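Okay, structure first, notes after.
The values are calculated or read from the model by the stated rules, or taken from the named source; none is laboratory data. Not measured: the values here are computed from a predicted model. Because the Cβ atoms are built from the backbone with ideal geometry, glycine has one as well, and the counts that use them run over all protein chains shown. Please note that ligands, DNA and RNA were not included when accessible areas were found on the heavy atoms of the full protein model with its side chains. Shrake-Rupley method; radii C 1.70, N 1.55, O 1.52, S 1.80 Å.
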Amino acid sequence: MARGADVLHAMLRERTTDLRRASLDEFRDWLGRQLPGWRLDPVFAQRERIRDLRRACPRLRALERERRRAARAHVGAPEGARLRAVEAELSGVVKAVEGLTGALEDADDDRRASLRAKLDAFRARRAALEAERAERISESPERALLMRLDAELERLRAESGVGSEEARLDEMMRAQGRRSGRAGGGFEAAALHAVREHVLPELGDGPLTVLTGVTLGAARTELDQVVVRGDSPVEVLAVVEAKRNLNDVGHGFARRRENLAWLAGDRAAYEPARHVTRHFPTGHFDREATHEEHGARFVFDPTSFSRFRPERVLAGLYFVTRATPLAGLSGAALGRIRHRAATDERFAPEDDAYLAGLLAWCRTLAEPIETPDVLALYAADPERARQILFLDAQPSFAFRHPTS
């Protein structure tokens with residue numbers, strides 16, 4: 001575990017390429033460092049494989065453009081609305097037929113006659129709708145073109161391999177999502193352990209309790225960890241935001257600062273209308289709220305967050321994260337850059353004009369407050385700097401200063 005002003009300064013100095021301010025050469029170097037790591041991810045590599053297959057089949061992209069134009073023409077055609085209505089009703093009728101068929105198989109003798117009558121009626125309606133659909137399609141040149149293009153697209157996707165590779169990507173994405181959920185749980189446990197071991201001893205006399213997932217019936221609020229003393233009402237000593245990706249600390253800081261302004265009653269810093277819930281109809285934190293955990297009930301009231309008044313709102317706001325490289329953009333924004341690098345058929349990082357356009361687009365993804373801004377703010381005060389804790393996620397990064 002690492003913390004302190006020296007650690008924050010080292011992060012900003014040695015591990016930061018702030019894309020909001022990077023030159024074209026710095027961006028090129030940054031992108032060159034990212035690509036080898038990104039390509040170790042099977043999902044990224046699979047997206048590149050699909051991109052390269054699409055590049056090798058220019059007819060596919062042209063056909064997709066033609067299909068989009070045909071779809072717009074079909075939507076605008078006079079008979080298009082009725083055809084879509086017929087198909088929507090037909091879909092519902094088909095489901096009803098399937099459901100009644102299954103129910104009829106399991107029904108007792110008393111219900112079979114009525115179910116059979118309903119099933120026959122739905123089958124007759126299905127036949128009528130299918131006939132109307134066929135007639136309207138035959139009379140719609142726009143729909144005929146759309147169906148022809150769909151068939152050609154399906155054939156071309158199969159011949160090029162794009163269809164099967166995209167199906168494989170879908171399965172890989174599902175598997176990755178399952179693994180990500182398990183990894184998130186492990187990080188949260190490590191963050192909780194770090195707070196109990198390193199933060200609690202510094203917060204004064206106890207007994208102290210760390211609560212997790214605190215919402216209090218509030219809008220737009222879920223506090224990862226809240227350190228409290230007492231129970232009716234509690235006194236909040238610290239609020240901890242756990243971010244597995246260091247680049248998300250900026251977003252977390254902005255959201256928690258808004259939450260704490262509301263909880264501390266700083267009415268000039270929030271819009272009540274955005275905080276109206278059934279429990280807080282006025283949009284203000286003006287009544288008791290409870291949180292149940294550890295087999296106990298903890299009561300919060302407007303005095304619970306008195307330590308977070310406007311002049312000292314940062315005094316009890318902690319972060320637990322990992323010492324990963326900084327890019328001046330959130331994890332979500334970096335994910336969009338990564339996705340574009342793998343899927344953009346025009347991707348050409350060696351081309352200055354393309355790279356300049358990509359960098360300009362990257363900068364549009366920046367939020368008003370990003371992680372380098374937060375680290376610099378905390379680093380300016382030695383005591384506050386200790387409120388950002390880095391878990392030992394990358395031992396290869398050798399901080400030059402003591403870790404505690």
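Observations
- Calculated accessible area for the stretch 326-399 comes out at 44 Å² per residue, all protein chains present (probe 1.4 Å; ligands, DNA, RNA ignored).
- Residue 303 accessible area, 1.4 Å probe, all protein chains in place, Å² to nearest 10: 90 Å²
- Scaling against 2.2 N^0.38 Å puts the C-alpha radius of gyration of the stretch 216-260 at 1.26.
- Shape of the stretch 213-320, Cα gyration tensor, a/c cut at 1.5: rounded
- Cα-derived Rg to Rh of the stretch 126-268, Kirkwood definition: 1.32
- Computed with every protein chain present, the accessible area of residue 123 is close to 90 Å² [probe 1.4 Å].
- Length-normalised contact order for the chain - Cα pairs under 8 Å, 6+ apart - percent: 27 percent
- Label of the coordinate-derived value, mean projected area of the Cα convex hull in nm², listed as [x] 20.1; [y] 29.4; [z] 17.7: [y]
- A Förster radius of 35 Å combined with the Cβ-Cβ distance from residue 276 to residue 203 puts the calculated FRET efficiency at roughly 0.60.
- 118, 95, ranked by accessible area, largest first (probe 1.4 Å): 95, 118
- Cα gyration tensor, the stretch 50-99 - rounded (a/c under 1.5), prolate or oblate: oblate
- Net charge, residue 161 excluded, C-beta distance under 12 Å - Lys, Arg +1, Asp, Glu -1: 0
- Area projected by the alpha carbon convex hull of the stretch 253-404, averaged over all directions, nm²: 14.4 nm²
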